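Undergrad: Here you go, one structure.
The values are calculated or read from the model by the stated rules, or taken from the named source; none is laboratory data. Please read these numbers as outputs of a predicted model, since none were measured by experiment. Neighbour counts run over all protein chains shown; Cβ positions are idealised from the backbone, glycine included. The accessibility values were calculated without ligands, DNA or RNA, using every heavy atom of the protein model including side chains. Shrake-Rupley method; radii C 1.70, N 1.55, O 1.52, S 1.80 Å.
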Amino acid sequence: MNKKLGFVLAILLAITLTISVNGEDPYLFHEWKVTYGTLSPLGVPQKVILINGQFPGPRINGTSNNNVVVNVFNQLDEPLLFTWSGIQQRKNSWQEGTLGNNCPIPPGTNFTYRFQVKDQIGSYYYYPTTSTHRAAGGYGGISVLSRALIPVPFETPEADHMVLAGDWYTKSHVELKRMLDSGRALGRPTGVVINGKSGKGDGKDEPMFTVTAGKTYRFRICNVGMKDSINVRMQGHTMKLVEIEGSHTVQNVYESIDVHLGQCFSVLVTANQEPKDYYLVASTRFTKDSHVATATIRYANGKGPASPELPKAPEGWAWSLNQFRSFRWNLTASAARPNPQGSYHYGQINITRTIKLVTSAGQVDGKLRYALNGVSHVDPATPIKLAEYYGAADKVFKYNLIKDEYEPKPGQAGQDKITVAPNVVNATYRNYVEIVIENHGKSVQSWHLSGHSFFAVGIEPGRWAPERRKNYNLLDAVSRNTIQVYPKSFAVIMTTLDNAGLWNLRSNSLERNYLGHQLYFSVLSPNKSIKDEYNMPDNDLLCGIVKDMPKPTPYKAN
């Protein structure tokens with residue numbers, strides 16, 4: 001027996017014994033080889049990131065409370081990290097996979113992520129957070145199903161399909177990085193892809209999905225793009241919305257759905273039309289020239305190509321805002337109800353802290369930067385989380401460079417002085433916070449908060465003021481992890497920062513994120529107890545100033 005095989009068998013035996021003795025939840029093991037390959041998502045050969053030879057990467061299918069183990073072999077020529085967007089990593093921001101939390105995996109080495117999906121029944125995805133790698137692919141879907149004893153508010157569908165759609169550039173990720181580093185914007189994407197393909201729409205494409213007449217199917221739709229919102233619709237069919245990012249929703253029926261950057265929706269589609277081919281259509285929104293991609297849905301034993309006449313997308317963002325307001329949490333469902341507040345009556349909880357974030361853009365040393373309350377985030381050489389854990393925070397960054405209240409100079413929105421530095425907000429464990437994101441720009445933005453679900457209580461045109469609270473949805477706002485902010489508008493989210501660790505609030509736009517539109521909430525447990533937060537994993541990578549420091553005394557249960 002060779003040493004590698006013996007080592008693997010020893011690990012499996014140890015895990016098996018641990019599960020049998022301690023009654024642990026099941027483990028799912030994945031081994032990923034991350035490489036470059038040449039594909040043509042938009043008909044032009046280009047270098048893309050493959051996982052086990054696949055683009056998109058392998059789907060992670062799990063059940064609530066499963067333990068997920070992903071051993072990543074980085075065979076690229078650059079350091080690499082993955083994040084698991086929407087997976088809350090309870091007490092475990094060590095597995096978050098952002099440059100504020102982790103040292104990247106060096107080329108030619110491997111690193112093993114270990115995390116539990118807890119009770120997060122829903123639809124999510126993963127992608128690389130290093131450099132501009134997500135512009136080369138490396139993303140894939142995550143689906144978390146309910147355990148057998150926990151009912152869901154709809155019949156089990158015939159099949160469960162993942163739809164990873166979004167805009168795409170034919171420029172390489174290296175060229176895009178060079179543009180951003182030189183202070184230039186990326187410009188418009190080249191097109192749209194659905195599961196790595198654009199579709200010719202000429203009736204000759206191979207089917208991406210096959211359905212049987214009379215059966216109902218679940219489609220999990222995520223916008224994995226870099227710049228644009230998209231609208232998704234299915235030729236000749238309606239879509240019944242059943243889940244958004246881990247929350248079951250009131251089951252409204254839609255002809256099309258706007259999916260903003262980073263967002264995931266589940267819809268049920270019944271194959272109740274004439275048996276032939278139909279198109280699933282994804283097109284960019286709020287752009288002068290819309291890009292369109294199609295994927296063929298084929299009825300088994302159907303006859304005839306899909307109609308070349310594609311259903312049109314809605315126009316304007318007022319339609320999109322009204323659709324957002326129609327999304328409601330299903331308060332009668334017993335599953336997929338994340339509960340970040342410890343009570344479903346979130347509207348009755350007193351706000352502990354209000355943080356108003358004003359987004360802006362400007363020039364620093366002649367280069368484009370994006371800022372929150374005047375601070376444009378940059379990742380330090382030593383990850384923020386490691387600096388905190390090793391007691392070296394004062395050598396790496398300063399807390400609270402931004403204030404909870406911020407008003408740009410009159411008539412000068414976006415032109416205030418921008419400070420480029422790590423943007424870290426010191427937050428109080430278990431505080432109930434109201435976060436306002438104000439967009440003074442001309443394009444739609446989309447934001448994600450890691451480590452938590454939040455209640456998306458409102459989006460409105462104009463500037464935020466305390467009297468706007470009377471318009472919040474304090475009854476059945478969907479609990480989710482992303483929120484869009486329309487031009488000259490604001491969005492409001494509410495959550496309890498009850499997950500100890502370091503958590504990233506970030507723009508889902510590649511360009512904005514890379515050039516500073518993000519910050520970190522440092523949520524420290526005052527007890528320094530493993531009841532609140534896990535210790536640093538033994539296999540965690542070290543870099544920067546902590547690399548040669550003695551390991552801190554681990555937290556204990558107290």
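Undergrad: For TYR299, work out the one condition from (1) surrounded by 19 or more Cβ atoms within 10 Å (Cβ to Cβ); (2) on the phi > 0 side of the Ramachandran plot it doesn't fulfil.
TA: (2)
Undergrad: Pick out the one residue from ALA421, ALA387, ALA361 that is open to solvent by 30 Å² or more (accessible area, probe 1.4 Å), over 25 Å from MET494 (Cα atoms), touching a Phe, Trp or Tyr at 6+ places or on another chain (Cβ under 9 Å) and in contact (Cβ under 8 Å) with a residue 24 or more places away in the chain.
TA: ALA361
Undergrad: Please go through (1) crowded, with 21+ Cβ neighbours inside 10 Å; (2) part of a strand (DSSP E or B); (3) not aliphatic (A, V, I, L, M) for HIS452 and return the number of the only condition it doesn't satisfy.
TA: (2)
Undergrad: Also, I was wondering about something else. So, in the stretch 455-486, of the ones that are open to solvent by 10 Å² or more (accessible area, probe 1.4 Å) and of a type in the set (S, T, N, Q), which residue ends up nearest to ASN223 (Cα to Cα)?
TA: ASN473
Undergrad: Of everything in the stretch 160-184, what is open to solvent by 30 Å² or more (accessible area, probe 1.4 Å), in a loop (DSSP other than H, G, I, E, B) and under 28 Å from THR294 (Cα atoms)? Give them in sequence order.
TA: THR170, LYS171, SER172
Undergrad: Go through the stretch 169-185 and give me each residue that's closer than 17 Å to LYS47 by Cβ, in contact with a Leu (Cβ under 7 Å, 6 or more places away or on another chain), touching a residue at least 40 places away in the same chain (Cβ under 8 Å) and of a type outside the set (Ser, Thr, Tyr).
TA: Residue satisfying the conditions is LEU176 alone.
Undergrad: Hey, another quick one. Which residues, taken from the stretch 209-250, are among the basic types (Lys, Arg), surrounded by fewer than 22 Cβ atoms within 10 Å (Cβ to Cβ) and outside any loop (DSSP other than H, G, I, E, B)?
TA: The answer is ARG218, LYS240.
Undergrad: Taking the stretch 533-558, which residues are in contact with a strand residue (DSSP E or B) (Cβ under 8 Å, 6 or more places away or on another chain), closer than 19 Å to PRO104 by Cα and open to solvent by less than 40 Å² (accessible area, probe 1.4 Å)?
TA: Listed by number, the list holds a single entry, PRO537.
Undergrad: Where in the stretch 58-123 are the strands (runs of 3 or more DSSP E), entirely inside, with at least 1 residues that are over 18 Å from PRO537 (Cβ atoms), open to solvent by less than 10 Å² (accessible area, probe 1.4 Å) and among the hydroxyl-bearing types (Ser, Thr, Tyr)?
TA: 82-85
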